[in-house]
1. Amide H neighbours of Glu208 under 5 Å, at least 5 residues apart or on other chains, H built in the peptide plane: list them.
2. DSSP loop (so not H, G, I, E, B), at most 12 other Cβ within 10 Å: list which chymotrypsin sites (Phe, Trp or Tyr not before Pro) in region 128-233 pass both filters.
3. Applying the Karplus parametrisation 6.51 cos²θ - 1.76 cosθ + 1.60 with θ = phi - 60° to the phi angles of region 277-290, what ³J(HN,Hα) value in whole Hz is obtained for each residue in order, glycine and proline being reported as x?
4. Within region 143-192, which GluC sites (Glu not before Pro) sit in a loop by DSSP and count at most 16 neighbouring Cβ atoms inside 10 Å?
5. In percent, how large is the relative contact order of region 116-233, given Cα pairs closer than 8 Å and 6 or more residues apart?
6. Around Val185, with a cut-off of 13 angstrom between Cβ atoms, what is the net charge of the other residues, counting Lys and Arg +1 and Asp and Glu -1?
7. Using each residue's phi in region 426-435, evaluate 6.51 cos²θ - 1.76 cosθ + 1.60 at θ = phi - 60° and report the 3J(HN,Hα) Karplus result to the nearest Hz, with x for Gly and Pro.
8. Longer than 28 Å from Cα to Cα, which of Lys111/Lys412; Lys339/Lys412; Lys339/Lys429 are they? Say none if no pair is.
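Where a number appears in this text, it was derived from the coordinates with a stated rule and is not lab data. Since the model is a prediction, treat every value here as computed from it, not as a measurement. Note that we place each Cβ from the backbone using ideal geometry, even for glycine, and neighbour counts take in every protein chain shown.
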Amino acid sequence: MTDQFNNQNGYGQPGQPIPPAQGYQQPGYQHSYTQPVVDAQNPRKASSGRTFGTAFAGAALACVIAFGGFTVYQNVTGAPSGSGVTLGASTNTEIQAQSTDDTLPEAVAQKCLPSVAAIDVYTAQASTDMFGRSTSSSGALTESSLGSGVVLSEDGYIITNNHVVAGADALKVTVGGEEYDADVVGTDESSDIAVIKLRNASGLTPVEIGDSDNLTIGEWVMSIGSPFGLEQSVATGIVSATSRSQIMSNSESSGSDGYGYGYGGSSSQSGGYTIYPNMIQTDAAINPGNSGGALVDSNGKLIGINTLITSYSGNYSGVGFAIPVNYAVNIAQQIIEGKTPTHAQLGVSLSTVNSQNAKRYGLKVDSGAYISAVNSGSGAAEAGLEEGDIVTKFDGNSVSSASDLMLDVRSKNPGDKVTLEVNRNGDTKQIEVTLGSDESSQSAVTQQNSGSSSSEMLNRLLNNSGSSSKNDAA
């Protein structure tokens, strides 16, 4: 089973990843912005050379959001469904360096910096009355947060984190020394992946895409992005670990850490869960503003999208996490093609079994994932899983909770065959299941009310299709 973190800890506690902290802002300064107008004669504008003094919030609005929310933007970008965009550089080059301490960081930075973008997020300012109630929007746009992104195509497709662009009313993106207006093509909230498209862009430098399935613990890496708004910044480190997985919920991401770094979600984000399977752990610095940026290897190839950190303060503490590039680019490709991103699913509703409820309800095991419902027509139903089964292993790896099983399923692809060990009325059975796709339930979740309860969201993640939660009746 994949490694996972203790979900009981609050933010800032050891072992609990968080988005890099929101909240760095220079006092008394607001960088205002008017709705972009595209100049047909001069669509690209020279970068204004923004410095640390520009007000921004670290690109880490809480990324705990509903799964599967997806929107497609086509009327500005003109990208047709199934457009067949080639992602990543068309050629691969090897970096030759004599010394890791000397020339390697310089060579990798020179190769990769043109492929990493700074993203400025602008939101409309609401007017309030004397009681602090929102009355109307003034129409003025103010820079509210900042993040990073990675260039995937010459014509301006950029991958970033969903939590970077969530709630944006306008985007300004700086790449290769030029500034562009940009639009959100689509997002997959459950994976924290988004794709944006620069307007009237051409001749950009796409990143070379590596292989995150072939990493070695201890190998050299570089993180690239805009920490604290400092564009084109690099930091080096190693792959500290792989297969670090985490589920983050809305309740876990709310509040503040006492240093002024808030983790409350934006109004555009609905309640639910974001699932991060098999993340890359690194000690290369990841700070507010690095979210959505690149983690590259010693050949300057993209291996991950920088996303989370573990920290007491919300700033770098030596433990950061990146979404593996193989997973992230697969989601991005679906978004660009106009599809709803899909993920593997089992087709069940789950509750966690622990020693307390096992004793209370006379269960035969005291840990595992209790199946409270099986969806008709799902892979679970076809394999013969039944309500009341308790899953204790997934492909030979122990399953101690519903979250364990959710992470294990998300780490697979639709159509994969997996073997579950289940306890059925005291008997142990090995059951092979062909995982299905969550495409239909993803479309339904897009329309869900953000007021859905956590247990309902957990059920929908595994295609509950409206079954009532039995989380308290395991």
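1. Counting only residues 5 or more places away or on other chains, the set is Ala89, Leu302.
2. Phe131
3. x, 6, 6, 8, 8, 9, 9, 5, 4, 10, 10, x, x, 7
4. In loop regions of region 143-192 (DSSP not H, G, I, E or B), the sparsely surrounded GluC sites (Glu not before Pro) are Glu154.
5. 27
6. Summing Lys and Arg as +1 and Asp and Glu as -1 gives -1.
7. Listing the rounded values in order: x, 9, 9, 10, 9, 10, 8, 10, 8, 5 Hz.
8. As for pairs spanning more than 28 Å Cα to Cα, those are Lys111/Lys412; Lys339/Lys429.
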